[in-house]
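The values are calculated or read from the model by the stated rules, or taken from the named source; none is laboratory data. Computed from a predicted structure; not experimentally measured. Here the Cβ is made from the backbone with ideal geometry for all residues, glycine too, and neighbour counts use every protein chain on show.
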Amino acid sequence: MANALLEVRDINVRYGGIEAVRGITMDVQEGELVTLIGGNGAGKSTTLRSISGIKSISDGEIYFDGRRIDGRPSHEIVAMGLVQVPEGRRIFPRMSVRENLTMGAFTRTGSMSEDFDRVFDLFPRLKEREKQAGGTLSGGEQQMLAVGRALMAHPKLLMLDEPSMGLAPLFVERIFGLIAEIHKQGTTILLVEQNAQLALQTADRGYVLETGEIVLHDDAKVLLTNDQVRKAYLGEE
């Protein structure tokens, strides 16, 4: 774990008197696609929010690219190359597609033409709607825009929080195909997802979170055949 791009060491996170995350230790190696799966309220989104600096941890340590980041403000963490696509997309609805993408590069200087080209190559639909207001896009298109906006920041590690939530099945498959393509192009990914089947089929490794604690960790292919995972998350008996 010494060479991990991301190291989470024994973190606890509280909301008032409620301990939402307890003793989580996990890592993401450079070049990996790692998924964190679990049911509603398991603590998945809280874990990502803690890593990205949105939510403070009460105990433990978080390291990114060899530097400790817990306690740093979110914009500094983004500038270091750790970028989160939030649950619910949270695009700017009145801004155009292009303006939304430009906002993703707020920590950077210099030309963005190559970045726009990359995003539009990945998401041709966004190119077609470049001047449209983000709020007029479909749910799937808004998810593409949220991912594209994050890519404009040149992430070393891209964290995706429930990218398939609320999407039609056809768009879910497209989004996962695009996640696999982004990973193939060299971006390290930490994926939080309720669709355990697709997440584990796409990932290299997986962690299973229940009531704020990691209860299983293994190669994704191994977790796909695990009886506990199959019964709890894959709808199999």
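Details
- Of the residues making up the stretch 1-39, those that are surrounded by fewer than 16 Cβ atoms within 10 Å (Cβ to Cβ), closer than 20 Å to Thr188 by Cα and among the charged types (D, E, K, R) number 1.
- Among the candidates Met159, Met112, Met152, the residue that is modelled with pLDDT under 90 and not basic (Lys, Arg) is uniquely Met112.
- Total residues in the stretch 108-161, condition under 20 Å from Leu48 (Cα atoms), touching a helix residue (DSSP H, G or I) at 6+ places or on another chain (Cβ under 7 Å) and not hydrophobic (A, V, I, L, M, F, W, C): 4
Conditions (1) closer than 22 Å to Leu224 by Cα; (2) at pLDDT below 95; (3) in contact with a helix residue (DSSP H, G or I) (Cβ under 8 Å, 6 or more places away or on another chain); (4) among the hydroxyl-bearing types (Ser, Thr, Tyr), marked per residue:
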{"position": "Arg9", "(1), (2), (3), (4)": "no, no, no, no"}
{"position": "Glu32", "(1), (2), (3), (4)": "yes, no, no, no"}
{"position": "Ser50", "(1), (2), (3), (4)": "no, no, no, yes"}
{"position": "Ile54", "(1), (2), (3), (4)": "no, yes, yes, no"}
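- Index of the failed condition, Glu61 passing every other in (1) modelled with pLDDT of 95 or more; (2) in contact with a helix residue (DSSP H, G or I) (Cβ under 8 Å, 6 or more places away or on another chain): (2)
- Residues being in a helix (DSSP H, G or I) and more than 11 Å from Ser96 (Cα to Cα) - total across the stretch 128-139: 2
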